[in-house]
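The values are calculated or read from the model by the stated rules, or taken from the named source; none is laboratory data. The model shown is predicted, which means the values in this text are computed figures rather than measured ones. Methodologically, a virtual Cβ is constructed for each residue, glycine included, from the backbone with ideal geometry; neighbour enumeration extends over all protein chains shown.
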Amino acid sequence: MSKIRISFAERIEKLPPYLFAAIDAKKSEVQARGVDVIDLGVGDPDMPTPAHIVAALQKAAEKRENHRYPSYVGMPSFRQAAADWFAGRFGVDFDPASEVVSLIGSKEGIAHMPLAFVDPGDYVLVPDPGYPVYAIATTFAGGTPWKMPLKAENGFLPDYDAIPAEVAAKAKLLFINYPNNPTGAVADEAFFLKTVEFAARHNIIVCHDAAYTEIAYDGYKPLSFLEVPGAREVGIEFHSLSKTYNMTGWRIGFAIGHPELVAGLGKVKTNIDSGAFQAIQEAAITALSADQQCVREMCEIYRGRRELMVSFLTRAGFTLKSPQATFYLWIDNPAGMTSAEVSSMFLEKAGVVVTPGNGFGAAGEGYFRISLTVPEVRLNEAGERIVKALKV
Ligand SMILES: *Cc1c(COP(=O)(O)O)cnc(C)c1O
């Protein structure tokens, strides 16, 4: 028994209810009945980190100099490797010393961005549906998230013309994320140009979450926001090794872009964390600079899973297009059902977990998400069960 009365801070009390907690509870309940549940909910790669990257960590972990505090903003060699990888992949050069900062996973940088740039009263434009961190980090910093609905008729791109002038005037940051989680949508150059124009007109900092640029199919190569003219004057881009190299547990990524934005993040990091473990940075250098064959092979596996699941869903009566990127399928609910009902139905009738679209925001209602991060045999089993569940 504690002798003091403990209460959470308002920012914690005011957190939206964790929708996935309800799904997890239901999943355990179904599992307790002896059902072999297949979880297509989580977006966490099932495949291992490539062996050459693990070997690089093992070697780097032995080095005594790596056991001490790292630099807050990342080893010069890591930032150089990130800049080189970026230049090779997107054809744009950035100065590793002033325009690149290491991150303890890109989520860390995304979450710290509002702390560096948002004051109470400031708006932050966030996609809905979207990665929950954009809005929550905004609230933690005292800012107000303003949800930009991503609609199918707009290719799941935000419509900047629909943002009220008074909101745009008070907006400090804009978060976008392409290839997109959860919709699997991709952005073209015209959209990024529109983003630069909108940001410049209203003096808004663009934060592009680029976690999925390397997970793409059929020859499609996702763009970096920073490739379009004017972008580097208004923005910063968050890159992650998590999805590209199956390194979600390692916590390593980087932000690249405008030097003042990179410096702002660096200031927060200096005062909150002490950088990423150097041995992980060394392994990340290996990941970024070695041959990228492992990435191509992984995409080929996801492509096969995508075909498989799309064909099952088509057989089950759904109409959907294969996404060009990401390992997510974003699917319209069966007519007359809410997202929560769809997810309950699949769990009850098929023992399959899917994520209800409204878990990513109110505008995600009407959809559910399937993640392709389970082995093909399991996906096959899940597909069979989904087809059966819908055949009444
Ligand atoms: C997975 C994911 C990230 C990456 O997070 P890390 O912290 O780098 O592991 C960022 N944004 C989105 C939208 C994601 O789905």
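Can you tell me which residues in the stretch 109-127 are within 14 Å of the ligand (Cβ to nearest atom) and surrounded by fewer than 24 Cβ atoms within 10 Å (Cβ to Cβ)?
Answer for the stretch 109-127, where residues must be within 14 Å of the ligand (Cβ to nearest atom) and surrounded by fewer than 24 Cβ atoms within 10 Å (Cβ to Cβ): just 111.
Name the residues in the stretch 128-155 that are crowded, with 18+ Cβ neighbours inside 10 Å, part of a strand (DSSP E or B) and out of contact with any Gly (no Cβ under 8 Å at 6 or more places or on another chain), would you?
Passing the criteria: 145, 146, 148.
Take the stretch 197-213 and flag every residue that is more than 19 Å from the chain's Cα centre (by Cα) and either of a type in the set (Lys, Arg) or within 16 Å of the ligand (Cβ to nearest atom) (or both).
201
What number of residues within the stretch 257-286 satisfy the criterion of being more than 13 Å from the ligand (Cβ to nearest atom) and in contact with a Leu (Cβ under 7 Å, 6 or more places away or on another chain)?
4
Any idea which of (1) closer than 30 Å to residue 375 by Cα; (2) in a helix (DSSP H, G or I); (3) not small (Gly, Ala, Ser) is the one residue 166 doesn't satisfy?
Status for residue 166: all satisfied but (1).
Being polar (S, T, N, Q), assigned to a loop (DSSP other than H, G, I, E, B) and either surrounded by 24 or more Cβ atoms within 10 Å (Cβ to Cβ) or within 11 Å of the ligand (Cβ to nearest atom) (or both) is the filter here, so list the residues in the stretch 214-245 that pass it.
Within the stretch 214-245, 242, 244 meet the criteria.
Looking only at the stretch 169-204, count every residue that is of a type in the set (A, V, I, L, M, F, W, C) and without any contact (Cβ under 8 Å) to a residue 40 or more places away in the chain and tell me the total.
Residues meeting the conditions: 10.
Looking at the stretch 45-58 only, could you name the residues that are out of contact with any Ser or Thr (no Cβ under 9 Å at 6 or more places or on another chain) and surrounded by fewer than 14 Cβ atoms within 10 Å (Cβ to Cβ)?
48, 51, 58 - these are the residues of the stretch 45-58 that are out of contact with any Ser or Thr (no Cβ under 9 Å at 6 or more places or on another chain) and surrounded by fewer than 14 Cβ atoms within 10 Å (Cβ to Cβ).
Looking at 256, 236, 252 in this structure, which one is assigned by TED's automatic domain parsing to the domain that holds residue 189, within 21 Å of the chain's Cα centre (by Cα), over 19 Å from residue 175 (Cβ atoms) and in contact (Cβ under 8 Å) with a residue 60 or more places away in the chain?
On inspection, the qualifying residue turns out to be 252.
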